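Structure, as C-alpha cells:
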Amino acid sequence: MNKAITDGIQLMPPAFEFGLTVWSSEDGTPGSATYDGAGNATLIAADADFGGCLELQKTSSTQKLRYTGETPMLVGCYWRVRVFVKAISGPLPSVRVAAWAGQAGGAHVAGVFETGSSVALTTYGEVVEITAIVGSGSRTGVDMPWGQVPTFGHFGIDLTGVNGGVVRIDDIIIEDVTSFFQGSKIDVVDVRDFGAIGDGVTDDKAAFEAADAAAAGRSVLVPEGIYFLGGTVTINSEIRFQGTVTMPDSAILQLIQNFDYPTYFTAFGNEQLGFEKALQAMFNFTDHVQLDLCGRSVELTRPVDVHTVVGNKNDFSNRRVICNGQLNSATSSDWNDTLVTATASYDPDNPNQLTGVNNINTIPVGALITGTGVGREVYVRSVNTSANTITLSRELWGAPASQTYSFTRFKYQLDFSGFTSLKRFVIDNLNFSCGGKCSGLMLADEGLIFHVKDCYFSAPKDRGLTSAGTGCSGILLDRNQWLSNEQQLGVDDRKSIGFNINASDPKIRDNRAIRFKHWGVISGRGGIITGNHFFQEDSAGGTARSAGLVFAHNHPKTSFFGNYVDNCFIEWTNEHDATPDIVSGFSFGGLSFTGNHFTSSGAASWFTWIQIKPHGTGHFINGLSIIGNVFKAFSGPELDRVEELDTSIATMRLDKYRNITVEGNTFTNVQNPFINPVHMVATESSPSNSWRTDAAKYMPFKGHARNMTAAVPIGAIKNASNVKVYTQPYFEGSKGTNGSEFDLKWSEAVKGSVRCVLRCDDNI
C-alpha cells in the first residue's frame, strides 16, 4: 500500500529551488517567519553533491526548518522523512528530523514526539543521511508515534549545538513506508498502527475501535502486549489476539465475528475470566445467542456468579445458549459451603416466610434450610434484612413456632441466583465436572423454560441442579447424565441430590442417573417424566435403598411412563404443605405410572418401589393409575410387596380411596402383587350363610375391600342338602382388623366358589 500512489496524497514538500516562502524558521504554522530574504539562508544552484540546495547558517540554539504546508497524517499509515546534509564551515552541529503536530482546526497536539534521533556531523563535506519515521502506531522503528489525534504535520529539521556553523541541505523527502510494518500481511490491521501502546496502563480503547473501523473486511491483529481498554469495545471485524487485554469489570468486549470461548480465553489470558467476559458479552449482544466453548475445558477457581458478571441486568428473557465444553473445578477454598445457624419463627398462616430471624445479615440467598418440620429441598429464596424475614422456596410441614434452623449455602459452578428472572436459557452439551468439590448449576429466582440437554453432571459434591425459587417453571431436562460423587458409599451415607423442582410443567426425559441419595425432589405439578434410567443400589452390598424420585406435592398431575427404576423407589409425600392435615380438597392424586420397569437386586424382602408417606391426617388416594408396569426382583429374597403406605408420620383414610386403577402389571419374585380391581375367588367348603375372604394380598396401599362390582358362581352353589341354590348373595366390605376382608351374605347356608371383582376404592 502506498497512499501517494493509491489515493494521490501529496506528501513531498516542494524543492528549495522554487523559493523559500514556504520554509519557516519557526514551527511552520500560518504567520510564522520564513527564510525568504533571511540573511542566514542562501539558495545554491549547483552543489556538486546535491545540485540545487539550501545553504543555512546556524544562528539559534535550535535552528528550525519547517515546511509551512500541511502534510496529511492518516491513522494506520507511516511516513519516512529523509534529508541529506553536509557541513561546509564553522562549528559542526547536530541534525535531527523535526516536526510540529497539528489536529483538525489547526491546534497543536501536545504530548507527542516531534523530533527524531539527533546525528552529529563530524566531517566537512561528508554527505550524511538524516531520517525519522512518523506514524500513528508505537511500532519498532517508529521514531515519532503520534497516535490518532494529529491530522497533519509541518515537517523539516533542527540544527542543534554550537552556533555559527554552515551546512548545505538537499531537498526534504517524505515517503509512504507503511508497507514496512505490514510486510506480506496486507489483510491484517494492527492495532498498534492506530496508536495502541500495550503497556497495560494506557487506554487503548480508541485505537482498537479505529483499527476495527479501518479494517474493511481485513482482520484486526492484537500483537504481544497487555492492552488496557477503559470502556466497552465492539469489534465488528475478525480479530486475532497474540497479546491480552484488561478491562474494568463493567466494560464489555463484544466480538461480533469471533464470539466463542477460545477467542475470549486468548484475549484475557485466563480461563475463568475469559469465560466470564464472554458470558457478559452474550447477555449484551443482539447478534449472538450462543456461547460456544468449541470443545474446550474451562478451569474454574470460584463460582461463576452470572448476575454479577453480567453486571447490568436483573432479568433477561431472550434465548441464550452455552454449549459444547466442560467446566472443571480447581481446588480452592472458594468452593467451601457457607453454614449459618439462626433462630426464627414460623406461622403456617404465613407459610412462605420465616420471621424474627437473628443473624439475618449472614444468611445467603439460595441456602438450604434444615430443621424440625422442614421438608427436603427447601431454600432461602430472598432475605429482607430490615424486616428480619426470609422468604422460603417451599412451605414447612411441621415446624414449631420457634426453633434454630441451619442454613447451608452450596457453591455452584454456574450460579444464576442473582437474577430476578431468567427465561429461555439453554445449557447444551456441557460437562459440569465438579470433581466432588462443588455443585453444578443454580437457577434464577424466577424463570421459564430453562433447558438443560445432553449434559453431564459429574461428581457434584452436594447438588447437580438447584432451584431456590420458581426459575424451574417449565424446565426441560433432556438426555443428561447424572453421575454421583458418592458411588462408593453405602446408601445411608449419601447426601447428594441430582436436582429439585418447585414450579409447574417440568419435562424430564431420557436421563440416566447413578447412586445419589435422591436423583430428584419434585414439588411442582404438571410434569412429564419419561425414558429415564436411575439406579441407586448399594455398592457395599447393603440392603438399604433410597428414593430415586420424591414427589413432594400430594397432587402432582404428573405422568411417569417408560422409565427404568433400578434399586430405588418412588416416594410420594406432602412435605411442602404448611397445613398438612386435610379437611377438604383432592388429597393424594393426579399421578400415573405407565409402562415402567421396576427392578431390584439384593434388596431386603421389605423393599418396595412405590411408597406414599402422608405428612398430615385425613388424607386418602383420589386418582392414581398404575398400569402396564414390570416389577422384578432378582439376586435376593422374594419381595413381600411392590407398594407401601408409610404411616410413620400420619395415617391415611383407607375407607375413602377413590379412582384407583392398578392393572396389567407383571410381577416376578413378588409374593403379594397389588391389583385394583382384583379378580379373586371366594370359596366355602362347608355350608355357611356368611363367607369371609381376605383380599389383603391384592389391596393397594393397605386399602380396604370396599366394593364389589361382580360376583359370578363357579359351578353350582349348593346348600347343606346338596341342593342347588339360585339366590344371589349380597356384599359387605371393609371387614376384619385391617379392613381388607369382605363377606358374601347368603339367604341360607351354602357352599361353593364365586369369582369376585373387588375394588379398594369407590368410582361412583
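The values are calculated or read from the model by the stated rules, or taken from the named source; none is laboratory data. Computed from a predicted structure; not experimentally measured. A quick note on method: Cβ atoms are made from the backbone with ideal geometry, for glycine too, and the neighbour counts reach across all protein chains shown.
Going through segment 250-281 one residue at a time, which ones are outside any helix (DSSP H, G or I) and among the aromatic types (Phe, Trp, Tyr)?
259
Which residues, taken from segment 169-209, are of a type in the set (Gly, Ala, Ser) and closer than 20 Å to residue 71 by Cβ?
The answer is 179, 195.
Looking at (1) without any contact (Cβ under 8 Å) to a residue 12 or more places away in the chain; (2) closer than 22 Å to residue 322 by Cβ, find the lone condition where residue 213 falls short.
For residue 213, the failing item is (2).
Looking only at segment 431-470, which residues are touching an Asp or Glu at 6+ places or on another chain (Cβ under 6 Å) and either of a type in the set (Gly, Ala, Ser) or surrounded by 24 or more Cβ atoms within 10 Å (Cβ to Cβ) (or both)?
Correct list: 439, 442, 469.
With the requirement that a residue be of a type outside the set (Val, Ile, Thr), in contact with a Gly (Cβ under 6 Å, 6 or more places away or on another chain) and farther than 25 Å from residue 602 by Cα, what does segment 562-586 give you?
575, 576, 580, 581, listed by residue number.
All but one of (1) assigned to a strand (DSSP E or B); (2) in contact with a helix residue (DSSP H, G or I) (Cβ under 8 Å, 6 or more places away or on another chain) hold for residue 686, so report the exception by its number.
Against the list (1) assigned to a strand (DSSP E or B); (2) in contact with a helix residue (DSSP H, G or I) (Cβ under 8 Å, 6 or more places away or on another chain), residue 686 comes up short only on (2).
I need the strands (runs of 3 or more DSSP E) fully contained in segment 536-586, keeping only those with at least 1 residues that are out of contact with any helix residue (DSSP H, G or I) (no Cβ under 9 Å at 6 or more places or on another chain) and within 21 Å of residue 494 (Cα to Cα).
Because the criterion is at least 1 residues that are out of contact with any helix residue (DSSP H, G or I) (no Cβ under 9 Å at 6 or more places or on another chain) and within 21 Å of residue 494 (Cα to Cα), the strands (runs of 3 or more DSSP E) in segment 536-586 that meet it are 547-551, 564-566, 569-573.
Can you pull out every residue in segment 76-92 that is touching an Asp or Glu at 6+ places or on another chain (Cβ under 8 Å) and assigned to a strand (DSSP E or B)?
Answer for segment 76-92, where residues must be touching an Asp or Glu at 6+ places or on another chain (Cβ under 8 Å) and assigned to a strand (DSSP E or B): 78, 79, 80, 82, 83, 84, 85, 86, 87, 88.
Here's the yes/no breakdown for (1) of a type outside the set (Lys, Arg); (2) touching a residue at least 60 places away in the same chain (Cβ under 8 Å):
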position	(1), (2)
45	yes, no
62	yes, yes
80	no, yes
89	yes, yes
102	yes, yes
106	yes, yes
112	yes, no
126	yes, no
142	yes, yes
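Please determine, by comparing only the residues of segment 190-226 that are crowded, with 21+ Cβ neighbours inside 10 Å and β-branched (Val, Ile, Thr), which one is nearest to residue 133 (Cα to Cα).
Looking at the filtered set, the residue picked out is 191.
Out of all the residues in segment 145-168, is one or more among the hydrophobic types (A, V, I, L, M, F, W, C), at pLDDT below 95 and buried (at least 16 other Cβ atoms within 10 Å of the Cβ)?
Scanning segment 145-168, I find at least one residue that is among the hydrophobic types (A, V, I, L, M, F, W, C), at pLDDT below 95 and buried (at least 16 other Cβ atoms within 10 Å of the Cβ), so the answer is yes.
Scan segment 732-750 and tell me whether some residue there is over 22 Å from residue 655 (Cα atoms) and surrounded by 20 or more Cβ atoms within 10 Å (Cβ to Cβ).
yes
Go through (1) under 30 Å from residue 633 (Cα atoms); (2) not assigned by TED's automatic domain parsing to the domain that holds residue 631 one by one and return the number of the condition residue 664 breaks.
Answer for residue 664: the failing condition is (2).
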